[in-house]
Amino acid sequence: MKKNFGIVLAIALGLSALLLTIAFQVGWVRANPSSQLDRVEVGALISYQGQIQDTSGPYTGTGHFKFAIINETGSVTYWSNDGTSVAGSEPTNAVPLAVNSGLFNVNLGDTSGTYSNMTQIIGPNTFSDYYTMLRVWFSPDGTSFTQMPDQK
């Protein structure tokens, strides 16, 4: 009798786990949307790596970058590193980053103080449009910026 009870209990637990998994997949059970938004509003980070070359080859030194997440046509800005970009325009303040042999990386939306002029979190509505692009500007001296090609 005890063996049968153990087998029945194991089957019941397995079926419960399977039913719960199916319920989440199908959408019968959902997490609390307001708690999800609260977590996102803390700020999502997007790790971004790139490569910069100048006329003599890979750039090395401090590079000055500006970032904006825009719609596909560049007419709407959803996010920028300092919050000043409008309609896909260049943000006011640049983020200085170390560039080594042409390579750099940055966590977009990191407002912890790691990066100067990265003052805006990436909020929950940043990617409400399916077609979003990253627009990047670069300057070796922080004065004259070149807009790079937009990236999906």
Every residue from region 51-84 that is open to solvent by less than 20 Å² (accessible area, probe 1.4 Å), small (Gly, Ala, Ser) and under 14 Å from Met133 (Cα atoms): Ala68, Gly74, Ser80
Of all residues making up region 65-109, the number that are of a type in the set (Ser, Thr, Tyr), more than 18 Å from Phe145 (Cβ to Cβ) and not in a strand (DSSP E or B): 3
Number of positions in region 115-125 that are of a type in the set (A, V, I, L, M) and assigned to a loop (DSSP other than H, G, I, E, B): 2
Tabulated pairs, region 134-152, first in contact (Cβ under 8 Å) with a residue 60 or more places away in the chain and more than 10 Å from Ala68 (Cβ to Cβ), second part of a strand (DSSP E or B) and open to solvent by 30 Å² or more (accessible area, probe 1.4 Å), C-beta under 6 angstrom, 6+ apart or interchain: Phe138/Thr146; Ser139/His64; Gly142/His64
Failed criterion for Ser112 (all others in (1) small (Gly, Ala, Ser); (2) assigned to a loop (DSSP other than H, G, I, E, B); (3) open to solvent by 40 Å² or more (accessible area, probe 1.4 Å); (4) at pLDDT 95 or above hold): (4)
Residues located in region 85-95, provided they are polar (S, T, N, Q) and loosely packed, with under 14 Cβ neighbours inside 10 Å: Thr92
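The values are calculated or read from the model by the stated rules, or taken from the named source; none is laboratory data. All of these numbers come straight from a predicted model, not from anything done at the bench. No Cβ is skipped: glycine too gets one built from the backbone with ideal geometry, and neighbour counts run over all protein chains shown. Calculation scope for accessible area: heavy atoms of the full protein, side chains included, ligands and nucleic acids excluded. Shrake-Rupley method; radii C 1.70, N 1.55, O 1.52, S 1.80 Å.
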